[in-house]
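Below is one structure, written out as structure tokens; comments come after it.
The values are calculated or read from the model by the stated rules, or taken from the named source; none is laboratory data. Just so you know, these numbers come straight off a predicted model, no measurement behind them. Counting neighbours? That spans all protein chains shown, and the Cβs are built from the backbone with ideal geometry, glycine included. The accessibility values were calculated without ligands, DNA or RNA, using every heavy atom of the protein model including side chains. Shrake-Rupley method; radii C 1.70, N 1.55, O 1.52, S 1.80 Å.
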Amino acid sequence: MSTLLFVTASLMGENSKSREVGADYVDSWRTAHPAGVVVERNLTPANVPHLDMSTLGALGVAADKRTADQAKAAAFADGIIEQVEAADTLVLAVPMYNFAIPSTLKSWFDHLARAGRTFRYTAQGPEGLLKNKKAIVVVSRGGYFGADAAGVSNFQDPYISHILGFVGITDVTIVAVEGQAIGPEAAAKGLAEAHSAIRALSPQAIAA
Ligand SMILES: Cc1cc2nc3c(=O)[nH]c(=O)nc-3n(C[C@H](O)[C@H](O)[C@H](O)COP(=O)(O)O)c2cc1C
């Protein structure tokens with residue numbers, strides 16, 4: 001069964017522009033996959049803690065030897081990976097914070113990238129193990145970071161493309177909502193352009 005995982009990471013909640021545009025894709029995907037399953041995961045500091053030594057340590061202990069705390073930590077970390085493994089389509093809604101991604105999303109990636117599970121090192125270099133998935137990434141930002149404007153200080157979409165590719169997700173489409181802090185007209189234009197761009201995408205899943 002097709003499954004779409006919608007990951008949101010804005011502190012603006014329902015007012016998030018990246019979420020609003022990402023939800024457009026989710027809606028058209030639902031129409032194209034009436035029997036498909038949509039899972040939404042909203043990342044907050046409370047529900048995605050930093051990866052710490054207690055979690056990393058727990059993952060290094062055999063499942064049947066873990067303490068109750070270690071079992072809980074490992075189950076949380078495994079849950080992040082399992083949610084992605086179960087999805088054939090990912091929609092990530094990502095605000096730009098200080099030229100990069102929200103720290104909650106960084107924590108989520110820190111849990112997702114696990115040697116031997118979502119990537120492995122080979123003689124030919126690293127190999128991502130989360131294959132046959134596609135990602136639609138909606139980035140939103142106050143300014144303009146497109147190809148012709150200040151691209152050099154954009155640590156948002158290049159990082160997302162890189163880390164997704166590292167774990168095997170190489171089919172990545174990025175839609176940008178730009179100019180959200182420039183003024184009402186620029187914000188409305190940036191939002192409308194992003195809505196048009198996302199509606200032009202075909203909501204096909206990779207796996208049936
Ligand atoms: C803490 C914080 C940091 C931000 N840093 C940047 C930035 O570095 N560059 C930028 O263009 N916009 C920046 N912005 C503006 C947001 O990227 C913009 O409002 C965007 O629409 C947020 O996405 P959202 O609407 O999905 O929450 C920042 C906003 C906040 C709250």
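Descriptive notes on the structure:
- Qualifying positions in region 89-137 - at positive phi and among the polar types (S, T, N, Q): 98, 132
- Any chance residue 154 is away from the ligand (no atom under 16 Å from the Cβ), out of contact with any helix residue (DSSP H, G or I) (no Cβ under 8 Å at 6 or more places or on another chain), touching a residue at least 12 places away in the same chain (Cβ under 8 Å) and among the polar types (S, T, N, Q): no
- Per-region count, region 131-149, residues part of a loop (DSSP other than H, G, I, E, B) and either buried (at least 22 other Cβ atoms within 10 Å of the Cβ) or within 9 Å of the ligand (Cβ to nearest atom) (or both): 6
- The set of residues in region 61-100 that are over 18 Å from residue 118 (Cβ atoms), within 16 Å of the ligand (Cβ to nearest atom) and either acidic (Asp, Glu) or in contact (Cβ under 8 Å) with a residue 24 or more places away in the chain (or both) comprises 91, 93, 94, 95, 96, 99, 100.
- Enumeration of residues in region 1-60 that are basic (Lys, Arg) and within 16 Å of the ligand (Cβ to nearest atom): 17, 19, 41
- Qualifying positions in region 157-208 - under 25 Å from residue 36 (Cα atoms) and open to solvent by 50 Å² or more (accessible area, probe 1.4 Å): 170, 171, 174, 196, 199, 200, 202, 204, 206, 208
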